[in-house]
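Presented below is the structure to which this report refers.
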Amino acid sequence: MTRPATDRAPPGPALRPAAPRPTAWADIDLAALCHNLETLRRHLPAGKAVWGVVKADAYGHGAGRVGLALQAAGIDGLAVSAPEEGIALRRAGVERPVLVLEPALPDQTAALAAHGLTATVTSPVEAWDLAKAAGRAGWTVPVHVRVNTGFAGHGAPAATLADLLDALRHMRDLRLAGLYTHLSGSYGQGSESGGLDELARFAAAVAQADAAGLTPPSLHALSSPAVEHPAFAAAAWRAGCTAVRCGALLYGIRMVERDTAFPFLPAMTVKARVVRVATLEAGDRLRYGDTEMVKHRMRVAVLPLGFADAPHLRHAAGGGVLLHGRTAPFLGSAFMSGLLADVTAIPDVRPGDEAVLIGRQGEALLPIETVAARSGLRPSAAALLGPRVARCYRTASPGPEATP
Ligand SMILES: *Cc1c(COP(=O)(O)O)cnc(C)c1O
């Protein structure tokens, strides 16, 4: 069979052109991330440690690169949800302590121990499984006990804490390194008093460990929104907390609108290039199966990013993108891998022009918090981009018009 002339074998490596510039990508500003860590440190009382939460691929920012950047900036430890995330950090070169926030399943304990991860335990059975794996590996595994203070069933119920601490006292292959909880109440407006109750329960757990002569060195309860809240911070220090455990604010994402002066910088800007500019005529359709027609002629920019790529594009009504420093409203709803923006009012938009979906373009700004709220998402959820969106890392803040 003869091949058609156009279907040639690809050229050898020497002739292969460089990879094309991406059409959709996220600029990740590692300098902003380090700035945020420093800002946080300046705000904390002296001697408090910082655990950086890098679960879910560092909230979409890339766990390996983010973990190494935070490590280089002197973070005390990192936290992830699952052992495999911790192992990936070790493979990327992270040497700092890595706390796994969920207890390991019995078949995960050996790998957790072998990679020098720090385990969460919430029951004597979990501790026992882990101690066996630690003994076999010949390591002492550091453990943090997570205490249930009333949020989503996470952690050891208060009534079981004494037994758990007592069991740990007898497991020589485990080292009690921490005690922590996670506060629901700090994430809402108006739920603060409930959050302070949660914190009071944590203080009681710390007192219980103290009374047993087992106070671990790392005590942590505050996450991003609580760190910025004076009442939560004061109560945590009173309870003896020695560390905080933050994700969102390291990425410059505000989980709760706060009247604060902390100048956290957003670390992610989501960009795409216009792949086509088209004209819609009256009577054209915008959506699959649309019964509503376009009413008048309009110019649209086609962007190569859809609901497969950015969570906020699943329900994007009322939003838009920045083009030439102005807002081009979304038209219709996003497709799986593309979307239309109305550029009738923005002259001279051409294929190749850079659009910003999240972040800053010149003077214009689309904050991630606004983008997320418009689509009914929590702020951090808008950063969880799909795998087609390239991540481009910067170690120093570039000018606003930098390209990958
Ligand atoms: C995700 C998570 C955090 C981080 O919360 P932020 O609001 O992003 O700071 C802290 N602790 C636990 C247990 C978590 O699951």
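Given springs between every Cα pair under 10 Å in a Gaussian network model of the chain, which of 269, 327, 160 has the largest fluctuation?
Among 269, 327, 160, the largest GNM mean-square fluctuation belongs to 160.
Of the candidates 191, 375, 81, which one comes out as most mobile in a Gaussian network treatment of the chain with C-alpha springs shorter than 10 Å?
Taking springs between Cα atoms under 10 Å, the residue moving most is 191.
Just want to confirm a number: the relative contact order over the stretch 121-163, from Cα pairs under 8 angstrom separated by 6+ residues, in percent.
On the way: 37 pairs, mean separation 16.5, N = 43.
Over the stretch 121-163, the number comes to 38 percent.
On the accessible surface of the chain, probed at 1.4 Å, how many percent belong to carbon and sulfur atoms? Don't skip to the answer; put the middle values down first.
Values: 10410 of 18610 Å².
Reported share for carbon and sulfur atoms: 56 percent.
For the chain, what does the relative contact order come out to in percent, with C-alpha contacts under 8 Å and a separation of six or more?
About 17 percent, as a whole number.
Counting other Cβ atoms within 10 Å, keep those with at most 12, restrict to DSSP loop, and tell me which trypsin sites (Lys or Arg not before Pro) in the stretch 6-75 are left.
Of the trypsin sites (Lys or Arg not before Pro), the ones in loops of the stretch 6-75 whose Cβ has at most 12 other Cβ atoms within 10 Å are 8.
Please list, in order along the stretch 101-112, the HN-Hα scalar couplings obtained from phi with the Karplus expression 6.51 cos²θ - 1.76 cosθ + 1.60 (θ = phi - 60°), rounded to whole Hz, x for Gly and Pro.
6, 9, x, 6, 6, x, 7, 9, 5, 5, 5, 4
If you filter the stretch 333-383 for GluC sites (Glu not before Pro), then keep DSSP loop positions with at most 16 other Cβ within 10 Å, what is left?
In loop regions of the stretch 333-383 (DSSP not H, G, I, E or B), the sparsely surrounded GluC sites (Glu not before Pro) are 363.
Given 37 °C and 0.692 mPa s, how large is the Stokes-Einstein diffusion coefficient of the stretch 294-345 in µm²/s, with Rh as the Kirkwood radius over Cα pairs?
297
Just to make sure I understand: if all protein chains stay in place, what is the order of 140, 242 by accessible area at 1.4 Å, largest first?
Highest to lowest solvent-accessible surface, that is 140, 242.
Using the Kirkwood formula on the Cα atoms of the stretch 217-294, what hydrodynamic radius do you get, in angstrom to one decimal?
Values: mean 1/r = 0.0594 Å⁻¹.
Taking every pair of different Cα atoms in the stretch 217-294, averaging 1/r and inverting gives 16.8 Å.
What are the residues whose amide H is under 5 Å from the amide H of residue 120, where those residues sit 5 or more places off or on another chain and H is modelled from the backbone?
100, 104, 144
Please list, in chain and number order, the residues 5+ apart from residue 361 or on another chain whose amide H is under 5 Å from its amide H, with Hs placed from the backbone.
For residue 361, the qualifying residues are 366.
For residue 234 and residue 18, calculate 0.36 nm times their separation in residues minus their Cα-Cα distance, and state this gained length in nm to one decimal.
72.3 nm
Mind grabbing the base-10 log of I(q)/I(0) for the stretch 90-131 at q = 0.21, 0.29, 0.34 Å⁻¹? Debye formula, identical points on the C-alpha positions, no solvent, two decimal places.
-0.63, -1.05, -1.29
With +1 on each Lys and Arg Cβ and -1 on each Asp and Glu Cβ, how big is the dipole of the stretch 196-307 about its Cα centre, in debye rounded to the nearest 20?
Numbers: 13 positive and 10 negative charges, 133 e Å.
So the magnitude is around 640 debye.
Taking the Cα centroid of the stretch 227-245 and of the stretch 248-305, what is the distance between the two, rounded to the nearest whole Å?
38
What is the magnitude of the charge dipole of the chain about its Cα centre, with +1 placed on the Cβ of each Lys and Arg, -1 on the Cβ of each Asp and Glu, and no other charges, expressed in debye to the nearest 20?
960
Per residue of the stretch 304-318, in order, report the coupling 6.51 cos²θ - 1.76 cosθ + 1.60 (Karplus, θ = phi - 60°) as ³J(HN,Hα) in whole Hz, putting x for Gly and Pro.
x, 9, x, 6, 6, 10, 9, x, 5, 7, 6, 9, 9, 4, x
In a Gaussian network model over the chain where Cα atoms closer than 10 Å are linked, find which of 364, 18, 127 has the largest mean-square fluctuation.
18
Compute the relative contact order of the stretch 300-404 as a whole-number percentage, counting only Cα pairs closer than 8 Å that sit 6 or more residues apart in sequence.
29
Residue 147's amide H: which non-local residues (gap 5+, or another chain) put their own amide H closer than 5 Å, with H modeled 1.01 Å from N in plane and none for Pro or chain starts?
Sorted by chain and number, the residues that satisfy this are 156, 180, 181.
From the residues 161, 49, 328, which one has its Cα farthest along the dipole of the chain in the positive direction, the dipole being from +1 and -1 charges on Cβ of Lys/Arg and Asp/Glu about the Cα centre?
328
Would you kindly work out the equivalent ellipsoid of the chain from its C-alpha gyration tensor and give its semi-axes, the square roots of five times the eigenvalues, largest first in whole Å?
45, 26, 19
Dividing the convex hull volume of the Cα atoms of the stretch 270-376 by its residue count, what figure in Å³ per residue is obtained?
Cα-based convex hull of the stretch 270-376, divided per residue, equals 91 Å³.
Return the sequence-ordered ³J(HN,Hα) values of the stretch 366-376 in whole Hz as given by the Karplus equation 6.51 cos²θ - 1.76 cosθ + 1.60 applied to θ = phi - 60°, using x for Gly and Pro.
Each residue's phi maps through the Karplus curve to give 10, x, 4, 5, 6, 4, 5, 4, 4, 9, x Hz.
Binning every alpha carbon pair distance of the stretch 10-63 at 10 Å from zero, what are the percents per bin?
Values per bin, smallest distances first: 17, 30, 23, 15, 9, 5, 0.
List the aspartates and glutamates whose Cα lies under 16 Å from the Cα of residue 271, skipping any in the same chain that are fewer than 8 positions away.
Residue 271 reaches 27, 29, 309, 353, 354, 363, 401.
Please label the shape of the stretch 21-94 as rounded, prolate or oblate, based on the square roots a ≥ b ≥ c of the eigenvalues of the alpha-carbon gyration tensor (a/c under 1.5 means rounded; beyond that, a/b larger than b/c means prolate, else oblate). Mind dumping the intermediate values first?
Values: a/c = 2.28, a/b = 1.30, b/c = 1.76.
Oblate is the answer for the stretch 21-94, as a/c is 1.5 or above yet b/c matches or exceeds a/b.
The values are calculated or read from the model by the stated rules, or taken from the named source; none is laboratory data. Fair warning: this is a prediction, and the values are worked out from it, not measured in the lab. Counting neighbours? That spans all protein chains shown, and the Cβs are built from the backbone with ideal geometry, glycine included. Calculation scope for accessible area: heavy atoms of the full protein, side chains included, ligands and nucleic acids excluded. Shrake-Rupley method; radii C 1.70, N 1.55, O 1.52, S 1.80 Å.
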